[in-house]
Amino acid sequence: MLARHAGASRFAFNQCLALVKEALDEKRRGGSVVPWSGFDLINAFNSWKTSAAAGRRFVVDAAGSAEVVVTGLSWRAQVCQQVCEEAAVDLGRALTAWADSRGGKRPGRRVGFPTFKRKSRSRPSFRIRCKTSKAGRVSIRVGDPTAGPRSVCLPRIGVLRVREDTRRLRRMIRTDRAHIRYATVSCRAGRWTITVTVEAAGLHPARQHPPRPNSDSSGGWVGVDRGLAALVVAADTSGRQVLRVDDAPRPLRAALPRLRRLSRQVSRKQRGSRNRAEAVARLGRAHHRVANIRRHFLHKVANRLVKTHDRLALEDLHTAGLLRNRRLAAAISDAGWADLARIIDSAAEFVTRRRDRSGWRVAG
């Protein structure tokens, strides 16, 4: 069921992109307006999926006469309609990003024109919006009483059992301190993951640092330096070291022998065979485990910094440039410098912070 919805999302994205390209070709010949926004793409796809261009299903009787039973996509009732709509929204965002990047409105690396998704290369995923019925019942429910506390109920799909405890989220929803907006289901390394996007209230003031005005120069700054021998060295303005992390796990170095062995197994398998697909899946699971170990440790370090200090300044390193050094690239990637900076910035959003930009980046 999950793979079917992921395939429907990919199909809707590709079909919307095909409609955009057809409209662009017609516009060059003096045609009509091109559907560009997510709303326009949803309307274009909904019109196409019920037309004869999407296909027809016939029934042939004993006399040999054919009768049209279904016009349009015959499987459209088997998946949640929001999956296709959210795929159209994603394409609209991609088109907007390409147009802004081409016009110089979007900073950073240049964004290319959207391409078709391939089943063998794209990650299976789909997104569903949470709707509320007239009776006040939401379409996405966490910990439904009929399914148990560790469950998520999605429209058209039903109940999904989850491994994580949902007690904290259920408590926030029950006390009206959080509202579910989206649920994203994705598959990576053979494991399905559901991510619930929630609009929630801020942390309790007791769990936040007391706010400081921008004119406050009383200090309290802690500089965070990232390195290889020690992942993090933090010191205050007087030079006193307040935190040093020397026990970084280095998961890539520890897993290299196994990764080499699995890579050799992949290279020995015939291309296109089932044995090669299974070997590639084993290699992907090994890499996924390495990434999870690193990410878990970085989250612990970031939470420790954010919870104990209200003013953090991160060294603004050009990580992409440092990765060009082939002697340090593996060690820097294994340390996760860029991921650590992103996690600290994300964690600092939940507490009172002040932003600044200089040679050192202020978190929050």
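Counting only strands (runs of 3 or more DSSP E) that sit wholly inside the range 109-192, those with at least 3 residues that are more than 16 Å from residue 82 (Cα to Cα) are 158-161, 178-188.
Residues of the range 71-96 that are more than 16 Å from residue 128 (Cα to Cα), under 24 Å from the mean Cα position of the chain (by Cα) and crowded, with 17+ Cβ neighbours inside 10 Å: 92, 94, 95.
Counting only residues that are assigned to a loop (DSSP other than H, G, I, E, B) and at pLDDT 85 or above, the range 218-239 holds 5 of them.
Restricting the range 1-44 to residues that are outside any helix (DSSP H, G or I) and more than 18 Å from residue 113 (Cβ to Cβ) leaves a set whose member that is nearest to the chain's Cα centre (by Cα) is 1. The number of residues in the range 303-354 that are among the hydrophobic types (A, V, I, L, M, F, W, C), under 20 Å from the mean Cα position of the chain (by Cα) and outside any loop (DSSP other than H, G, I, E, B) comes to 8. Only one of the numbered conditions (1) surrounded by 12 or more Cβ atoms within 10 Å (Cβ to Cβ); (2) in contact (Cβ under 8 Å) with a residue 12 or more places away in the chain is violated by residue 68, and that is (1). Tell me, yes or no, whether the range 21-34 has at least one residue that is outside the structural domain of residue 185 (by TED's automatic domain parsing), out of contact with any Lys or Arg (no Cβ under 8 Å at 6 or more places or on another chain), in contact (Cβ under 8 Å) with a residue 24 or more places away in the chain and closer than 25 Å to residue 97 by Cβ. Within the range 21-34, not a single residue is outside the structural domain of residue 185 (by TED's automatic domain parsing), out of contact with any Lys or Arg (no Cβ under 8 Å at 6 or more places or on another chain), in contact (Cβ under 8 Å) with a residue 24 or more places away in the chain and closer than 25 Å to residue 97 by Cβ. Check whether at least one residue in the range 70-93 is in a strand (DSSP E or B) and out of contact with any helix residue (DSSP H, G or I) (no Cβ under 6 Å at 6 or more places or on another chain), and report yes or no. Yes, because at least one residue in the range 70-93 is in a strand (DSSP E or B) and out of contact with any helix residue (DSSP H, G or I) (no Cβ under 6 Å at 6 or more places or on another chain).
The values are calculated or read from the model by the stated rules, or taken from the named source; none is laboratory data. Treat the numbers as computed from the prediction; the structure is a model and nothing was measured. No Cβ is skipped: glycine too gets one built from the backbone with ideal geometry, and neighbour counts run over all protein chains shown.
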